[in-house]
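The values are calculated or read from the model by the stated rules, or taken from the named source; none is laboratory data. Because the structure is predicted, anything quoted here is derived from the model rather than measured. As a convention, Cβ positions derive from the backbone with ideal geometry for all residues, glycine included, and neighbour counts pool all protein chains shown.
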Amino acid sequence: MLQATLDVLGDDASIAGLITANAADAIFLMDGQGRTLYTNPAAERMFGWSNDELLNSLLHNVVHHHRPDGRPFPMEECPLGDVFVTGRTLVAHEDVFFHRDGRQIPVSCSNASIIRDGKVTGGVLIVRDITDRKQLEQQRDLLETELVHRIKNTVAVIQAIAQQSLQGDDVNAVRETFLARLSAIGHAQALVAANYAEDAQLQVVLESTLRPFTSEARCATLSGPPVALPPKQALTLSMAIHELATNSLKYGALSVPDGKVTVSWTVDPDQERQRLRLVWTELGGPAVRPPARKGFGSRIIEKVLAADFTGKVDLDYDPQGVRCSLDGFIPARSSTPR
């Protein structure tokens, strides 16, 4: 079978060559000093260096020259260097390499030494880009932290809603109002937990998130064109709006009957993506004072929201009312209402 395969492939082809040329993982072949002898096409795509550019260069100095925090990473201290010194094989450890443009790329590596006559004459490095997995892990960690944070906030929200709902002489009406608002909280939490399996209308995300916080006396006005958000952006926006609404209910415009919240947005079309400008504004509440320190909630609003929309977020603690503006982008494919 092997000879038949070679006959079909021809004299110039080899099974090893076909594997490395078509592999999805990056493969590097080095001599006994760690100089690059061969780089497969996947490695060129992954790190931006061509085979000719890497030829005879110390691979470590090109793709693994620093630790993730920026500190220098001497060859003798890295797992790849250990292969050439000891002849050991290190399988599937995780690391961070660098693209030609300076980007950090999280990777899973397998290093193997090539030994002839008892001496290390070279090494093979196989690298898999695990960026997608790391991003999913970061999102999972974020959601776990958000869950703990939201449980604490939910207690405060229920206390505030109870204080504002349990008023009046009609016990049945008071009970119905309170239970309806509790139900709305549960509905909003379920939407976040579901992580939006498909694109969601921005206005629906806002309405669902704000429903537990509003009433006839405390209103939120929404205005903007129909636009759909992909799941990850819908989830992040819901988390940020929930944080703003929670703070407003505890300290801001939604804590008093005359307080008002407006959320407005515009969308400018582009060829590959759309620019979304969204503004949260509070009026009529107690005088605003900036928080003494910024916690997880501020991180959700200012950092995560900006990152997921590839834009920027400004959070202004104006004495007249909190104002939060998002200037970011959404994929063009999500621009048409379903």
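Observations on the model:
- Test result for H66, touching a Phe, Trp or Tyr at 6+ places or on another chain (Cβ under 9 Å), more than 14 Å from L125 (Cβ to Cβ) and surrounded by 12 or more Cβ atoms within 10 Å (Cβ to Cβ): yes
- The residue that is surrounded by the most Cβ atoms within 10 Å (Cβ to Cβ), counting only those in region 107-132 that are hydrophobic (A, V, I, L, M, F, W, C) and farther than 24 Å from S50 by Cα, is V120.
- Here H65 meets the list (1) closer than 13 Å to F98 by Cβ; (2) touching a residue at least 60 places away in the same chain (Cβ under 8 Å) almost entirely, failing just condition (2).
- Scope region 244-269; condition touching a helix residue (DSSP H, G or I) at 6+ places or on another chain (Cβ under 8 Å) and either in a strand (DSSP E or B) or more than 13 Å from R323 (Cα to Cα) (or both); matching residues: T246, L249, K250, L254, S255, G259, K260, V261, V263, W265, P269
- Qualifying residue in region 261-278 (condition: farther than 30 Å from A332 by Cβ and in the same structural domain as D316 (by TED's automatic domain parsing)): no
- Selection of strands (runs of 3 or more DSSP E) fully inside region 59-168 by the criterion of at least 3 residues being among the hydrophobic types (A, V, I, L, M, F, W, C) and at pLDDT below 85 returns 90-98, 104-116.
- Qualifying residues in region 80-106 (those that are surrounded by 15 or more Cβ atoms within 10 Å (Cβ to Cβ) and of a type outside the set (A, V, I, L, M, F, W, C)) - the one nearest to R35 (Cα to Cα): G81
- Residues of region 271-315 classified as more than 19 Å from the chain's Cα centre (by Cα), modelled with pLDDT under 85 and either farther than 20 Å from A234 by Cβ or buried (at least 18 other Cβ atoms within 10 Å of the Cβ) (or both), total: 5
- Selected residue (only one of S50, S108 is closer than 21 Å to N22 by Cβ and under 25 Å from the mean Cα position of the chain (by Cα)): S108
- Per-region count, region 20-45, residues hydrophobic (A, V, I, L, M, F, W, C) and in contact with a Lys or Arg (Cβ under 9 Å, 6 or more places away or on another chain): 2
- Flag set for I241, criterion: buried (at least 18 other Cβ atoms within 10 Å of the Cβ), part of a helix (DSSP H, G or I) and touching a Ser or Thr at 6+ places or on another chain (Cβ under 7 Å).
- Hey, N56 part of a loop (DSSP other than H, G, I, E, B), in the same structural domain as N40 (by TED's automatic domain parsing) and among the polar types (S, T, N, Q) or not: yes
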